[in-house]
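Below is one structure; the comments refer to it alone.
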Amino acid sequence: MLSPVKPVHAQAAGDAEEDQHLYGWRREQTTPSLAEVFGSIRTRPTGPMWRKLLAFLGPGYLVAVGYMDPGNWATSLAGGSKFGYALLFIALLSNIMAIILQALCARLGVASGRDLAQACRDAYSRPVGFCLWLLAELAICATDLAEVIGTAIGLNLLFGIPLEIGVVLTALDVFLILYLQRLGFRYLEALIITLLGVIAACFAIQIALANPEWGPLIRGFAPTTEIVRNPEMLYLAMGIIGATVMPHNLYLHSAIVQTRAYGESLPAKREALKFATIDSTVALMFALMINASILILAAASFHKTGNTEVVELGQAQALLHPLLGSAWAPTLFGIALLCCGLNSTVTATLAGQAVMEGFLDIRLQPWLRRLAPTRPTRASACSGRLASRC
């Protein structure tokens with residue numbers, strides 16, 4: 001006896017239930033995070049390899065800026081001025097960790113169609129998911145605080161703007177993101193990559209002026225037991241690792257990798273995984289170059305001349321002119337710092353949106369959603385600065 005034919009909608013529901021069971025998800029998939037840019041960038045299923053790769057380049061660089069934020073500058077400056085090139089290996093080690101973690105997050109986003117926050121919400125109970133969301137938001141606020149203050153310091157060093165006003169001005173990145181996303185997510189990626197190019201150019205000129213010793217520099221990338229035997233060196237090494245591995249980047253990458261419309265077939269997803277991994281790996285190697293440049297500049301400029309206690313950004317900028325013999329050096333340092341801070345605050349704001357939508361499935365108005373994760377950071381920075389004056 002023939003079995004009755006199921007209606008089309010019942011068959012589709014059965015297929016969805018079967019897929020859900022196959023992939024181990026407990027809940028049906030909801031609206032994706034960053035829905036306004038989800039699948040908004042077309043990819044090239046055919047054509048030369050380099051054209052296919054170009055379509056996927058971008059998300060990795062948005063993630064990479066989180067690994068070179070002003071918080072990294074402070075630890076790299078302290079490490080370079082105190083111990084010369086010895087801690088370059090730690091920068092390399094932390095970057096390898098970042099490459100592995102970000103590649104895993106890209107795989108999650110491409111293969112499952114869910115970002116890390118949505119996957120956590122599905123895997124854990126609501127109380128646990130809420131606690132994870134709260135911890136993620138606190139981590140974003142903590143890292144964004146260093147980025148906001150670093151941007152304000154950059155404005156102060158270049159234009160003499162008071163830090164309190166500089167902190168408030170950093171809130172304008174919210175409207176910049178809204179404007180660029182209206183034009184298209186590619187415009188936001190272009191802005192980030194352009195600022196990264198400015199940062200690289202600034203450090204290339206400064207390192208050329210500093211004229212580092214290339215032998216000790218290359219040996220600095222090799223591991224040494226002195227790092228674990230020297231308590232001060234170990235302390236700074238832990239600081240470099242802690243400042244490099246950014247938890248909000250894991251949530252962000254798994255969300256923005258889905259801005260590409262790569263298709264649902266298995267071959268299409270495999271190709272997307274390959275290109276997304278190349279994108280993030282190349283971008284994070286660029287981040288390593290910037291972080292290493294900061295440490296190399298500190299080693300060649302400060303450690304070499306006996307200035308081993310340089311730990312503040314303003315102090316470093318003031319010393320560059322007399323040490324390097326160029327009036328351009330402090331200006332280039334300030335420009336690079338400002339670009340790093342702007343990049344980092346933009347991506348931290350995006351990460352805040354991805355975390356809120358992924359964990360809580362809350363959809364706010366665009367301007368309110370952008371301000372929500374950044375307001376506590378700006379308020380903390382302003383109140384801290386005012387308290388220091390009292």
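Any read-out appearing in this document is the output of simple, stated calculations on the displayed coordinates, not a laboratory observation. This one's a predicted model, so the numbers in the text were calculated from it and none came from an experiment. Cβ atoms come from the backbone with ideal geometry, glycine included; neighbour counts cover every protein chain shown.
Data for the structure
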quantity: The chain, relative contact order [Cα under 8 Å, separation at least 6], %; calculated: 40
quantity: Helix 8-23 axis, angle to the chain major axis (alpha carbon atoms, nearest 10°); calculated: 40
quantity: Protection proxy ranking, peptides 247-256, 195-204, average beta carbon neighbours within 10 Å, highest first; calculated: 247-256, 195-204
quantity: Computed [θ] at 222 nm, deg cm²/dmol, the chain (DSSP H ≥ 4; -39,500 (n - 2.57); rounded to nearest 500); calculated: -24500 deg cm²/dmol
quantity: Cα gyration tensor category, rounded, prolate or oblate, for region 86-135 with a/c compared to 1.5; calculated: oblate
quantity: Overall form of region 76-222 per C-alpha gyration tensor (a/c, 1.5; a/b vs b/c); calculated: oblate
quantity: Region 202-264 and region 329-359: distance between their alpha carbon centers, rounded to Å; calculated: 17
quantity: Student exercise, region 44-383 dipole from Lys, Arg, Asp, Glu Cβ charges, in Debye to nearest 20; calculated: 940
quantity: Candidates Ala55, Ala117, Ala208: whichever shows maximal mean-square fluctuation once the chain is modelled as a Gaussian network with Cα springs under 10 Å; calculated: Ala208
quantity: Integer Hz, Karplus 6.51/-1.76/1.60 couplings in order for region 154-168, x for Gly and Pro; calculated: x, 5, 5, 5, 7, 10, x, 6, x, 4, 4, 5, x, 4, 5
quantity: Peptides 143-152, 93-102 ordered by average Cβ neighbours within 10 Å, highest first; calculated: 143-152, 93-102
quantity: Ranked by how many other beta carbons lie within 10 Å on average, peptides 350-356, 326-332 from highest; calculated: 350-356, 326-332
